[in-house]
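Handing you a structure now.
The values are calculated or read from the model by the stated rules, or taken from the named source; none is laboratory data. Source: prediction; values computed, not measured. As a convention, Cβ positions derive from the backbone with ideal geometry for all residues, glycine included, and neighbour counts pool all protein chains shown. Side chains included, ligands, DNA and RNA excluded: accessible areas come from the protein's heavy atoms. Shrake-Rupley method; radii C 1.70, N 1.55, O 1.52, S 1.80 Å.
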Amino acid sequence: MNSIGILNAKPGNWAFEKLAQNLSEVLNIPIREIPLDKNYVLYYPETEIKSIKDKSFIPIDAIILASDKRKQAELFNKYNIPIPKTVLLNSKREVETLLLQENQCQWCLKYPTSCGASGHRILGTIDDIPDRFPKPYIVQEFIEMRNPEVYRLYCVAGDIFGWNVRKFARDRGKGQKSPWVAHARGACYAFPTPSIAPPLELARTVLAHAQLIDSFGCIDLIKRENGEWLVLEIGTDGIFNHVDRNLGLPQLEKQIEKKIVNAFKLYAKSASK
C-alpha cells in the first residue's frame, strides 16, 4: 500500500502552513517533511526536488514551469499560444533597441518569479530597469484597458471549471488603481457576465502543454477589445507559490477543494511507477 501525505519540509514550510493544514484536514492525511510514496508537494528544497519527480501529484516540471514567467513565455511561443507580444532580452541595450523600434507598443518589465505582480513595472526607458534585475529580462506588451479585468479558469484532473474575473471595485478612488490586476494589489474576484464565454479549448491546450491537465492548475487570460483571448500565465501549487484560495466566492472555493480531494485520492490509489 502506498504511503501518502502532504510534503511540506523546512526551511520553506512556513509559507505553506495554512494550505498544508487545510489539505491535511480535507484529505485526512499527515503533513510530512520527508517524501512518502505519493505526495501533495508544497515545499521541498529546490536542490532536491528532482529526487521526488515520480512522487508528486502535480508534476515537478510543471511546478518549476509555473514558477518562472520566462519559462512560460518560451513554452507559449513554442506552441504559438496567443499571448501579449513577449520577448526575452539579455541586456539593457537590447531593451533600448526594442523600445526604439517597437514604439507603437507600451511595454512592461515583469519580475520573472513574482507573485501578485510584485516587481513588475511599466517601461518608458532603460532607466526603469533596476540594477541586478534578473536576466534574461522578460519584456511584454502592456495592454491597457479602460476597466482592467483578468479572467481565470481552473483545471483538476482534466476538468476545466471555475470561470471568474478579477477586477478593481468601481468605487475605488482615482489614482489608486494599479496597472496590475492582482488580488495583492486590491483586485477582487467575481463571476463574469454570462455574455462572456470562457475560452475552454484554449485553456485546455495551454494546461496540457504545461503538464497540468491531469493534476491541478489555473490559467489567467485577458481579452482584447477586438475579442481576441490572450494568455497571461499559468499557476499551480508547490515549492515556489500556490494558487490563491481566498476568493471571496465560497461556492467556488468549495468546488476547488472538493475536486482536488477527489483527484488526489484517485492519484493516491494508482499504482506506483
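What are the pairs, 6+ residues apart or on separate chains, where a residue within the stretch 194-214 that is free of Cβ contacts under 8 Å to residues at least 60 places away in the same chain has its Cβ under 7 Å from a residue that is crowded, with 19+ Cβ neighbours inside 10 Å and in a helix (DSSP H, G or I)?
Cβ pairs passing all conditions: Ile213/Leu207.
Moving to a separate point now. So which residues in the stretch 175-209 are surrounded by 14 or more Cβ atoms within 10 Å (Cβ to Cβ) and β-branched (Val, Ile, Thr), if there are any at all?
Those that are surrounded by 14 or more Cβ atoms within 10 Å (Cβ to Cβ) and β-branched (Val, Ile, Thr): Val181, Thr205, Val206.
Out of the residues in the stretch 1-25 meeting the condition of being among the hydrophobic types (A, V, I, L, M, F, W, C) and surrounded by fewer than 16 Cβ atoms within 10 Å (Cβ to Cβ), tell me which one is nearest to the chain's Cα centre (by Cα).
Restricting to residues being among the hydrophobic types (A, V, I, L, M, F, W, C) and surrounded by fewer than 16 Cβ atoms within 10 Å (Cβ to Cβ), the top hit is Trp14.
Hey, can you tell me all the residues within the stretch 82-119 that are hydrophobic (A, V, I, L, M, F, W, C) and either within 16 Å of the chain's Cα centre (by Cα) or at pLDDT below 95 (or both)? Full working, then the answer.
Applying the first criterion (hydrophobic (A, V, I, L, M, F, W, C)) to the stretch 82-119 yields 83, 87-89, 95, 98-100, 105, 107-109, 115, 117.
If the condition is that a residue be hydrophobic (A, V, I, L, M, F, W, C) and either within 16 Å of the chain's Cα centre (by Cα) or at pLDDT below 95 (or both), then Ile83, Cys105, Cys115, Ala117 are the ones that fit.
Here is a further query. Cβ-Cβ below 8 Å, separation at least six or inter-chain, first residue in the stretch 54-77 and surrounded by 17 or more Cβ atoms within 10 Å (Cβ to Cβ), second polar (S, T, N, Q) and part of a helix (DSSP H, G or I): which pairs?
Leu65/Gln72; Ala66/Gln72
Please enumerate the residues belonging to the stretch 37-53 that are without any contact (Cβ under 8 Å) to a residue 60 or more places away in the chain and open to solvent by 40 Å² or more (accessible area, probe 1.4 Å).
The first filter runs over the stretch 37-53 and keeps only residues without any contact (Cβ under 8 Å) to a residue 60 or more places away in the chain, leaving 39, 45, 47-48, 50-53.
Once the filter is applied, which keeps residues that are without any contact (Cβ under 8 Å) to a residue 60 or more places away in the chain and open to solvent by 40 Å² or more (accessible area, probe 1.4 Å), the stretch 37-53 yields Thr47, Glu48, Lys50, Ser51, Lys53.
In the stretch 210-221, which residues are under 14 Å from the mean Cα position of the chain (by Cα) and open to solvent by 10 Å² or more (accessible area, probe 1.4 Å)?
Residues satisfying the conditions are Gln211, Ile213.
Hey, any hits in the stretch 159-169 for a residue that's open to solvent by less than 70 Å² (accessible area, probe 1.4 Å), more than 30 Å from Glu94 (Cβ to Cβ), without any contact (Cβ under 8 Å) to a residue 40 or more places away in the chain and more than 22 Å from the chain's Cα centre (by Cα)?
There is at least one residue in the stretch 159-169 that is open to solvent by less than 70 Å² (accessible area, probe 1.4 Å), more than 30 Å from Glu94 (Cβ to Cβ), without any contact (Cβ under 8 Å) to a residue 40 or more places away in the chain and more than 22 Å from the chain's Cα centre (by Cα).
State yes or no: is Val139 under 21 Å from Asp68 (Cα atoms), surrounded by 18 or more Cβ atoms within 10 Å (Cβ to Cβ) and touching a residue at least 60 places away in the same chain (Cβ under 8 Å)?
Details: under 21 Å from Asp68 (Cα atoms): yes; surrounded by 18 or more Cβ atoms within 10 Å (Cβ to Cβ): yes; touching a residue at least 60 places away in the same chain (Cβ under 8 Å): no.
So Val139 fails the test.
Let me ask something else. If you go through the stretch 117-128 one residue at a time, do you hit one that is assigned to a strand (DSSP E or B) and closer than 22 Å to Trp229 by Cβ?
Scanning the stretch 117-128, I find no residue that is assigned to a strand (DSSP E or B) and closer than 22 Å to Trp229 by Cβ, so the answer is no.
Let me ask something else about it. Given the conditions (1) of a type outside the set (Lys, Arg); (2) closer than 30 Å to Asp61 by Cβ; (3) open to solvent by less than 80 Å² (accessible area, probe 1.4 Å), which single one is not true for Thr97?
Among (1) of a type outside the set (Lys, Arg); (2) closer than 30 Å to Asp61 by Cβ; (3) open to solvent by less than 80 Å² (accessible area, probe 1.4 Å), the lone unmet condition for Thr97 is (2).
Just checking, does the stretch 254-270 include any residue being surrounded by 15 or more Cβ atoms within 10 Å (Cβ to Cβ) and under 17 Å from Val165 (Cβ atoms)?
There is at least one residue in the stretch 254-270 that is surrounded by 15 or more Cβ atoms within 10 Å (Cβ to Cβ) and under 17 Å from Val165 (Cβ atoms).
Against the condition closer than 30 Å to Gly119 by Cα and assigned to a helix (DSSP H, G or I), how does Leu42 come out, does it pass?
When the stated conditions are applied, Leu42 does not pass them.
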